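The values are calculated or read from the model by the stated rules, or taken from the named source; none is laboratory data. Just so it is clear, the structure is predicted and the values come from calculations on it, not from any experiment. Neighbour counts are summed over all protein chains in view; Cβ atoms, including those assigned to glycine, are modelled from backbone coordinates with ideal geometry. The accessibility values were calculated without ligands, DNA or RNA, using every heavy atom of the protein model including side chains. Shrake-Rupley method; radii C 1.70, N 1.55, O 1.52, S 1.80 Å.
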Amino acid sequence: MTETHRAYRNRSVLVSGASIAGPAIAYWLHRHGFDVTVVEKAGAVRGGGYPIDIRGTALEVVRRMNILPQLQAAHVDTRRITFVDTDGSIIAALSAESMAIGADGDLEVQRGDLTETIYDAVRESVTFMFNDSIATLDDRTDGIEVTFRSGARRTYDIVIGADGIHSHTRRLIFGPEEPFHHYLGACFAGFTVPNHLGLSHEGVVWNTPSQRAALYAAGSGEQVFGLLSFRRPDLPFDVLRAPDAQRELVAAAFPDECWEIPRMVAEMRAAEDLFFDAISQIRMPRWSHGRVALVGDAAYAPSFLTGQGTSLALVGAYVLAGELATRADHTEAFDAYDRVMRPFVTLNQKLANGGDTPLFPATYESLHKRNTALRALSTLPAEPKNTTYSALTLSDYA
Ligand SMILES: Cc1cc2nc3c(=O)[nH]c(=O)nc-3n(C[C@H](O)[C@H](O)[C@H](O)COP(=O)(O)OP(=O)(O)OC[C@H]3O[C@@H](n4cnc5c(N)ncnc54)[C@H](O)[C@@H]3O)c2cc1C
């Protein structure tokens, strides 16, 4: 490594967003010798959310972060998924093995357990600014001047946007979200509900081609995670920032008087932890401009239909930090990040199959096909799997 490379490591980096991609890239940048600040608009690292998967190449990232044992201890160990018909009768109950859950050491952890574990690994070494966010960015030849909503002002060498699918950093640098937002024709609402069915380490899924309702018990506790997804041809962009309108939209999409639906809708209306979003992907021709780069959902959200959002965020954070640590300057590093990550991102985004997956079949034909396969108690209709999850081999970036 040349002197130029070594010098580059002492630079200052501002990361926007403290969920998964943000603290993960902060961890790696600090390990490579950068001076890192993370700004998060919420008052703390936010817990909650649906159990998420860490698979393939991302498993190697968390192993290299030395957090694999904590995550293995937090593994939710789903033992069964039951698919029910519209009237609530059982189509099939599949064991974890037959669905390849936990295969190849894959982990499923509650989102909050992952954010907390990464935050714990980095909180002592990195400066966190909560309850604040970037107001303006002025990218100059000698650095990027940032003003914060709090009024603070500072110059950094690099800014990383890790602020999610509706990234504010992306908007400041690349303009409005719409050209990059590829709506897959559906929305979802996630929230906590009482465990009325006495579920334990299992999920129950109810589908029509236009609706999907699911209850997931990460353990045997009194609360489970409820998920209501529904198709809608047009993207209700205005609703994404209006919680009351979201509740009305979800309720209107689930008028059904069957299975657990009325109870779930009532609980969704009252939920304090409602998480609503469109089922969409972010696709961009470039993930960087000047001294700013994007990572995680901000750059390449694959949608929860792929189950790969968290894994892409973890791998992207590792690669971007590693390229910044080993290239002569940020321009070279951002180009290399793009070259390394893009084929992996493209493959993983394809798993969403335009919104028609065994998780959420889009037509009566594909629903019937899936249910027939389930009734035969085989595995779920085949989808490209392990090779996609581990299609990227990590460099060492030592
Ligand atoms: C509270 C929460 C609950 C979630 N629950 C689910 C779920 O149930 N199902 C699912 O599929 N996905 C969920 N997600 C999304 C999931 O975490 C991501 O898809 C994935 O893990 C990629 O992570 P990320 O770090 O790139 O983005 P995200 O996890 O979306 O994190 C973005 C972070 O940036 C912060 N942020 C946003 N705007 C600004 C700003 N202007 N300034 C500073 N910080 C900002 C956010 O508060 C958040 O902490 C949830 C995200 C959050 C924040």
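At 222 nm, what value in deg cm²/dmol follows for the chain if DSSP H runs of at least 4 each add -39500 (n - 2.57) and the sum is divided by all its residues, to the nearest 500?
The per-residue figure over the chain is -9500 deg cm²/dmol.
So which GluC sites (Glu not before Pro) in region 126-224 pass both tests, a DSSP loop state and at most 13 other Cβ atoms within 10 Å of the Cβ?
Passing both the DSSP loop test and the Cβ count: 222.
In what sequence, highest mean first, do 345-355, 51-61 appear when ranked by Cβ atoms within 10 angstrom? Could you put the intermediate results ahead of the total?
Details: 345-355: 18.4, 51-61: 22.1.
Highest to lowest by the protection proxy: 51-61, 345-355.
Among DSSP beta bridges lying fully in the chain, give the percent that are antiparallel, nearest 5. Working shown, then result.
Details: 51 of 72 bridges.
Looking only at bridges with both residues in the chain, the antiparallel portion is about 70 percent.
Got the relative contact order for the chain handy, in percent, Cα pairs under 8 Å and 6 or more residues apart?
Relative contact order here is 22 percent.
Solvent-accessible area per residue for the chain at a 1.4 Å probe radius, Å²?
Solvent-accessible surface per residue comes out at 41 Å².
From the protein chains alone at 1.4 Å, what is the descending order of accessible area for 258, 187, largest first?
258, 187
Ordering 247, 11, 79, 153 from largest to smallest accessible area (1.4 angstrom probe), what's the sequence?
Of 247, 11, 79, 153, the descending order of accessible area is 153, 79, 11, 247.
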